[in-house]
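Asker: I am attaching a structure below and will ask some questions about it afterwards.
The values are calculated or read from the model by the stated rules, or taken from the named source; none is laboratory data. What you see is a predicted model; the values in this text were computed from it and never measured. Every residue, glycine as well, gets a Cβ built from its backbone with ideal geometry; the counts of neighbours run over all protein chains shown.
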Amino acid sequence: MATAAQNRRGIIAMLAAMTLFCCNDALVKLAREAFPAGQALALRTAFAILAGVALVVFMGDWRKLPLGLRPLVLARASVEALAALTFNWALGLLPLANITAIVMASPLLIVLFAAVLRIETVGWRRMLALVVGFAGVLIVMRPSADGFSAAALVALAGTGLVAVRDLTTRFISSEIPSTVISLTAMVVVGALGLGMGLVEPWQSPWRIQTVYLGLAALLVTAASFCIINAFRNTDVGIVAGYRYSVVLVAVLIGWLVWGDTPDGIAYAGIALIVGSGLYTLHRQRARPDSQLKPEGDKPL
């Protein structure tokens with residue numbers, strides 16, 4: 001059981017991580033105003049790889065870099081690359097708060113996938129929470145008479161990929177450091193971005209948007225470091241719920257930078273997603289037989 005001081009440190013680290021992740025997304029969204037999705041992804045990842053290598057060296061994990069070539073680590077990296085591509089594409093078309101809320105449904109999808117694959121037995125309480133959460137997603141996606149927008153569907157597909165990535169992470173051996181797993185993903189993401197560039201008209205990188213991507217890479221690396229610290233020697237059942245603070249940060253940044261303000265219906269959808277997600281985390285923490293403890297309850 002963690003002390004109150006340790007939990008406070010974990011909460012502060014989680015809030016910092018969510019803020020940094022959201023600022024990263026905002027910078028990438030600004031860069032997408034000039035760059036196509038593949039180029040933006042490749043440029044940001046190039047900077048992120050440099051930062052990732054520095055973090056591996058700083059943490060003393062460089063001797064374990066060959067472990068990043070294990071099949072499960074590469075499979076996870078491939079899924080993350082597809083998730084990053086879909087997210088970056090949708091990010092250029094959707095308000096920041098909306099796409100952030102959709103991605104926050106990934107813990108619900110993890111439960112759904114675990115139930116389908118018989119990794120976890122899901123009772124009626126969590127099943128009801130899934131229904132409520134997905135109702136919130138539909139509200140945020142806001143289908144028109146012609147159906148859902150392509151960007152919203154791509155964002156939802158990306159959320160599914162994030163859930164698959166996180167579920168895969170749980171089966172990776174604990175001997176492989178998080179820094180190595182992260183760096184492996186960065187390399188694969190960069191390769192996919194470069195490949196996407198073969199079918200895109202690339203723009204000159206000599207512009208302010210490239211600086212945005214460099215800053216985004218630094219922020220996402222710092223955010224990953226904060227996440228690691230948020231889950232060390234803390235009560236993860238308490239700390240994990242604060243990840244939903246990212247929605248509030250996204251709403252604030254969207255208003256300050258683009259003047260985007262969710263309407264009442266969108267806020268209702270966001271509330272359903274956040275509420276069902278928090279309840280799902282609570283039930284997984286409360287059940288001693290759950291295989292889906294919040295990230296950090298057991299080694300990866």
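Asker: Name the one entry in 46, 31, 4, 37 that is within 18 Å of the chain's Cα centre (by Cα), of a type in the set (A, V, I, L, M, F, W, C) and at negative phi. If you could, list the steps in order and put the result at the bottom.
Answerer: Values: 46 fails: within 18 Å of the chain's Cα centre (by Cα); 31 fails: within 18 Å of the chain's Cα centre (by Cα); 4 fails: within 18 Å of the chain's Cα centre (by Cα).
It is 37.
Asker: OK, next. Among the residues of the stretch 18-28, is there at least one that is more than 15 Å from residue 215 (Cα to Cα), at pLDDT 90 or above and in contact with a Ser or Thr (Cβ under 9 Å, 6 or more places away or on another chain)?
Answerer: The answer is yes, given that some residue of the stretch 18-28 is more than 15 Å from residue 215 (Cα to Cα), at pLDDT 90 or above and in contact with a Ser or Thr (Cβ under 9 Å, 6 or more places away or on another chain).
Asker: Among 11, 49, which is surrounded by fewer than 20 Cβ atoms within 10 Å (Cβ to Cβ), of a type in the set (Val, Ile, Thr) and closer than 15 Å to residue 191 by Cβ?
Answerer: 49
Asker: Hey, another quick one. Hey, could you check the stretch 225-274 for residues that are among the β-branched types (Val, Ile, Thr) and in a loop (DSSP other than H, G, I, E, B) and say which is farthest from residue 54 (Cα to Cα)?
Answerer: Restricting to residues being among the β-branched types (Val, Ile, Thr) and in a loop (DSSP other than H, G, I, E, B), the top hit is 261.
Asker: Does at least one position in the stretch 73-83 carry a residue that is closer than 29 Å to residue 252 by Cβ and crowded, with 23+ Cβ neighbours inside 10 Å?
Answerer: Yes: one or more hits.
Asker: Can I ask one more? State yes or no: is residue 125 crowded, with 22+ Cβ neighbours inside 10 Å, in contact (Cβ under 8 Å) with a residue 12 or more places away in the chain and basic (Lys, Arg)? Don't jump to the end; show me each part of the working.
Answerer: Values: crowded, with 22+ Cβ neighbours inside 10 Å: no; in contact (Cβ under 8 Å) with a residue 12 or more places away in the chain: yes; basic (Lys, Arg): yes.
So residue 125 does not fit the description; no.
Asker: Whether any residue in the stretch 148-161 is surrounded by 16 or more Cβ atoms within 10 Å (Cβ to Cβ), touching a Lys or Arg at 6+ places or on another chain (Cβ under 6 Å) and in contact (Cβ under 8 Å) with a residue 40 or more places away in the chain is what I want to check.
Answerer: no
Asker: Right, next: Need at least 1 residues that are aromatic (Phe, Trp, Tyr) and more than 13 Å from the chain's Cα centre (by Cα) per element, so show me which helices (runs of 4 or more DSSP H) inside the stretch 73-177 make the cut, counting only ones lying wholly within it.
Answerer: Where helices (runs of 4 or more DSSP H) fall fully within the stretch 73-177 and carry at least 1 residues being aromatic (Phe, Trp, Tyr) and more than 13 Å from the chain's Cα centre (by Cα), they are 106-116, 124-141.
Asker: Name the residue that is farthest from the chain's Cα centre (by Cα), counting only residues in the stretch 54-64 that are surrounded by fewer than 16 Cβ atoms within 10 Å (Cβ to Cβ) and part of a helix (DSSP H, G or I).
Answerer: By that ranking, first place goes to 63.
Asker: Follow-up. Determine which single condition residue 155 fails, assuming it passes every other condition in (1) touching a Phe, Trp or Tyr at 6+ places or on another chain (Cβ under 8 Å); (2) at pLDDT below 90; (3) not acidic (Asp, Glu).
Answerer: Of (1) touching a Phe, Trp or Tyr at 6+ places or on another chain (Cβ under 8 Å); (2) at pLDDT below 90; (3) not acidic (Asp, Glu), only one is false for residue 155: (2).
Asker: So residue 212 fits all but one of (1) surrounded by fewer than 20 Cβ atoms within 10 Å (Cβ to Cβ); (2) over 17 Å from the mean Cα position of the chain (by Cα); (3) in a helix (DSSP H, G or I); what number is the exception?
Answerer: (1)
Asker: What is the one condition in (1) surrounded by 20 or more Cβ atoms within 10 Å (Cβ to Cβ); (2) closer than 30 Å to residue 112 by Cβ; (3) of a type outside the set (Val, Ile, Thr) that residue 170 does not satisfy?
Answerer: It is condition (1) that residue 170 fails.
Asker: Quick check on the stretch 84-142: of everything there that is among the hydroxyl-bearing types (Ser, Thr, Tyr) and touching a helix residue (DSSP H, G or I) at 6+ places or on another chain (Cβ under 7 Å), which residue is modelled with the lowest pLDDT?
Answerer: 106
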